[in-house]
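What follows is a short report on a single structure.
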Amino acid sequence: MTPITLLAIETSCDETAAAVISETGDAAKPWTLRSNVVASQAAIHREWGGVVPELASRQHLRDICGVVEEALEKAGATFDDLGAVAVTQGPGLVGSLLVGVSFAKSIAWTYGIPLVPVHHLAGHIESLVLQHGELPLPAAVLVVSGGHTSLYLVAEPGQYSLIGRTRDDAAGEAYDKVAKLLGLGYPGGPIIDNLAKTGNDRAYAFPLPRMTHADRNQPAPTAPSGLLPPSVERRVDFSFSGLKTAVSRLVDDRRGARGGAELAPGEIADICASFQRVVVQALLDRTFEAAAWLGARSLGISGGVSANSRLRADAEARGAKAGLPVFVPPLSLSTDNAAMIGAAGLRRLRDGVTADWDLNAQASLSL
Ligand code: KG4
Ligand code: ZN
């Protein structure tokens, strides 16, 4: 089997990204990354306190040619070396996705090579395999980002079963909203992560968000029936909007106590540390519990929030205690990138999945 070199494109939100990735021929560590280029739009959206979809699509249009050229150049490759093109089909901002999908289609058409549609979250999951090789399966993988907090069971390579998800805000969204209400800027995750290092994480007792089977409006379980014991299958979902409201109330109270003045830096650091302690605990409690219920042989955490220093440290400590290997991507593969789309793309291509020319961007898309 001749190893394939693939160009991957990711434009689902506010990063224009392209990567070149090749097959190794080694089943245990199937891919090697040859280049990984990301043009971040964070500076543009910071001014507005969050991603402005129309600005995002327009910036993708400006950046995509240069980003793809740079990815090829850094890989020492040309279009003629490519065996396929992979692109994020969704979920994401439809105007942003369309730029990548149209661009990838044009390349595939021009060079007569297959076009591979990739689900953004499959990319986040495969970022772990790109870095570490195939995981011991079954694996419980938490994808935690600005748009998603979803827990998957990976029983076979490339097969993802949704076990739990957020019922309201994603964890990254909670970080971004809390940072905004503290006046800290965008994106909030890295800023809170940093400030939390100097704060007291027990200064404020925020409620630990937890969905239990005793919830009044009992929703249907997220996991397919039979995967989890019936007594726990409603307990794997996440919820972060109540925590965000608790922080918002506290900030209002503290500002009131200061006669409307801004909070002191020490107070802000304490709020960041206390908020982060609870988010990390909620994420890890559920993920480790589910891993035990599922008989997982490894646990993975990926997506933008997996860059969080406390989440990484606590996950590793818990994994060591439980005797469960824990995998996280390197920081360069945590937040959005095209390398992970390339990894998922090569997996799908070898599974025989390619797209027709009528491939469309999908704002919402299930995995
Ligand atoms: O995966 P990603 O780049 O985009 C989505 O698919 O959403 O994730 C972005 C999210 C943002 O909410 C950002 O605040 C969060 O990841 N994030 C972090 C950290 N770095 C990025 N959250 C907590 N701690 C971090 N160090
Ligand atoms: Zn993402």
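For the listed peptides 10-19, 302-311, 165-174, a ranking on the average number of other beta carbons within 10 Å per residue, highest first, reads 10-19, 302-311, 165-174. Counted over the chain, the DSSP beta bridges are approximately 60% antiparallel. Label sites at Glu289 and Arg58, each approximated as a point 7 angstrom past Cα along Cα to Cβ, lie 4.7 nm apart. Comparing Ala313, Ala42, Ala292 in a Gaussian network model of the chain (Cα springs below 10 Å), the most mobile by mean-square fluctuation is Ala313.
Positive-end ranking of Leu263, Phe240, Ile301 along the dipole of segment 216-317, with charges on Cβ about the Cα centre, is headed by Phe240.
The calculated FRET efficiency for the pair Thr2 and Ala205, based on their C-beta separation and a Förster distance of 41 Å, comes to about 0.10. Taking each residue as 0.36 nm, the span from Ala42 to Glu316 lengthens on full extension beyond its C-alpha to C-alpha distance by 95.7 nm.
If the segment from Glu134 to Ser248 were pulled out straight at 0.36 nm per residue, it would be longer than the present Cα-Cα gap by 36.9 nm.
Residues Lys321, Lys29, Lys244, Lys74 ordered from highest to lowest accessible area at a 1.4 Å probe: Lys321, Lys74, Lys29, Lys244. Solvent-accessible surface (1.4 Å probe) assigned to Asp356 amounts to roughly 110 Å².
Site pair Ser332 and Leu365 shows an inter-label distance of 2.5 nm when each label is modelled 7 Å from Cα along Cα→Cβ.
Nearest 0.05, what FRET efficiency do Ala28 and Asn194 give at R0 = 35 Å with Cβ-Cβ as r? That gives a FRET efficiency of 0.45.
Taking the C-alpha atoms only, the angle from helix 241-257 to the longest principal axis of the chain is near 50 degrees. Counting only alpha carbon atoms, the long axis of helix 339-350 and the longest principal axis of the chain meet at about 50°.
Element breakdown for segment 26-169 at a 1.4 angstrom probe: carbon and sulfur atoms account for 54% of the accessible area.
Using 0.36 nm per residue and subtracting the Cα-Cα separation, the extra length available between Cys65 and Val232 on full extension is 55.2 nm. Kindly state, to the nearest 0.05, the FRET efficiency for Ser309 paired with Asp358, given R0 = 41 Å and r defined as their beta-carbon distance. Given R0 = 41 Å and the Cβ-Cβ separation, E is 0.40. Axis angle, to the nearest 10 degrees, between helix 171-181 and the longest C-alpha principal axis of the chain: 60 degrees. A DSSP coil position with no more than 15 other Cβ atoms inside 10 Å describes the following chymotrypsin sites (Phe, Trp or Tyr not before Pro) in segment 12-97: Trp48. Each residue of segment 1-97 gets 109 Å³ once the volume of the Cα convex hull is shared out per residue.
The values are calculated or read from the model by the stated rules, or taken from the named source; none is laboratory data. The shown structure was predicted, so the numbers you read here are calculated from the model rather than taken from an experiment. For neighbour counting, all protein chains shown are included, and Cβ atoms are generated from backbone atoms with ideal geometry for every residue, glycine included. Quick note on the areas: whole protein, heavy atoms, side chains included, nothing else; ligands and nucleic acids left out. Shrake-Rupley method; radii C 1.70, N 1.55, O 1.52, S 1.80 Å.
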